[in-house]
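What follows is a set of notes on a single structure, which appears directly below.
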Amino acid sequence: DALVLAGCDIIRANILDRTRFGALNCHPGMIPFYRGCSNVEWSILNDDPVGATVHLCTTKIDHGPVISWEPMPVYRSDKYSDVRARMVGHQTKVMLEGARRFLAQPTGWSSPEAKGKYYPVIGPAELSQVVAKIDQGTYRHTLQGTHVV
């Protein structure tokens with residue numbers, strides 16, 4: 001009836017067409033604003049919130065109806081590796097919520113109207129800026145306190 005994707009490549013139309021309800025994907029970025037690659041890093045570099053989005057796949061990359069999304073906290077005590085590692089668990093949490101919503105209502109979702117941007121894999125110079133923003137606490141969305149597991 002539906003596919004649930006986890007870290008796979010782009011799904012072709014002939015696969016999507018075989019499902020009754022489509023393919024549910026969790027993207028490590030805030031769709032529609034952050035599509036493509038390295039969205040955690042681009043969000044930090046641009047001083048935007050980091051987060052994850054569950055959406056129904058279409059043949060266009062990171063498009064399709066949004067089922068749920070949620071920002072992810074970044075703490076003053078975090079290192080870049082902490083933020084990256086936390087995104088894995090955050091995506092799991094957001095995917096579970098999205099799957100619950102989708103199972104309760106598998107049809108009738110609409111695509112976001114806001115225009116976003118497709119981001120490529122971040123380059124080494126920009127990645128260094130991201131790491132510095134986290135390490136120096138200059139990322140605008142950093143929360144006070146320490147993350148406790």
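The values are calculated or read from the model by the stated rules, or taken from the named source; none is laboratory data. Only a predicted model underlies this, so the values are computations on that prediction, with no experimental measurement involved. Every residue, glycine as well, gets a Cβ built from its backbone with ideal geometry; the counts of neighbours run over all protein chains shown. The area values use the complete protein model at the heavy-atom level, side chains included, leaving out ligands, DNA and RNA. Shrake-Rupley method; radii C 1.70, N 1.55, O 1.52, S 1.80 Å.
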Mind listing whichever residues of segment 64-100 are in a loop (DSSP other than H, G, I, E, B) and out of contact with any Lys or Arg (no Cβ under 7 Å at 6 or more places or on another chain)? Gly64, Pro65, Pro73, Arg76, Ser77, Asp78, Lys79
Do the conditions hold for Ser111, that is, is it among the hydroxyl-bearing types (Ser, Thr, Tyr) and over 21 Å from Ile10 (Cβ atoms)? no
Among (1) closer than 15 Å to Asn25 by Cβ; (2) touching a helix residue (DSSP H, G or I) at 6+ places or on another chain (Cβ under 8 Å), which single condition is Ile122 missing? (1)
Which residue is most open to solvent (accessible area, probe 1.4 Å), if the candidates are limited to segment 23-33 and must be touching a residue at least 40 places away in the same chain (Cβ under 8 Å) and either over 8 Å from the mean Cα position of the chain (by Cα) or over 26 Å from Gly51 (Cα atoms) (or both)? Phe33
Quick check, is Pro106 touching a strand residue (DSSP E or B) at 6+ places or on another chain (Cβ under 6 Å) and either modelled with pLDDT under 95 or open to solvent by 40 Å² or more (accessible area, probe 1.4 Å) (or both)? no
Looking at this structure, is Lys60 over 21 Å from Lys117 (Cβ atoms) and charged (D, E, K, R)? no
For the condition of a type in the set (Lys, Arg), open to solvent by 60 Å² or more (accessible area, probe 1.4 Å), more than 24 Å from Ser128 (Cβ to Cβ) and touching a residue at least 12 places away in the same chain (Cβ under 8 Å), what is the one hit in Arg76, Arg12? Arg12
Residue check: is Tyr118 open to solvent by less than 50 Å² (accessible area, probe 1.4 Å), in contact with a Gly (Cβ under 7 Å, 6 or more places away or on another chain), farther than 15 Å from Val4 by Cβ and of a type in the set (Phe, Trp, Tyr)? no
How many residues are in a loop (DSSP other than H, G, I, E, B), aliphatic (A, V, I, L, M) and under 14 Å from Arg84 (Cα atoms) when one looks only at segment 1-56? 1
Being open to solvent by less than 80 Å² (accessible area, probe 1.4 Å) and at pLDDT below 95, is that true of even one residue in segment 37-48? yes
Every residue in segment 54-75 that is at pLDDT 90 or above, more than 10 Å from the chain's Cα centre (by Cα) and among the β-branched types (Val, Ile, Thr), please. Val66, Ile67, Val74
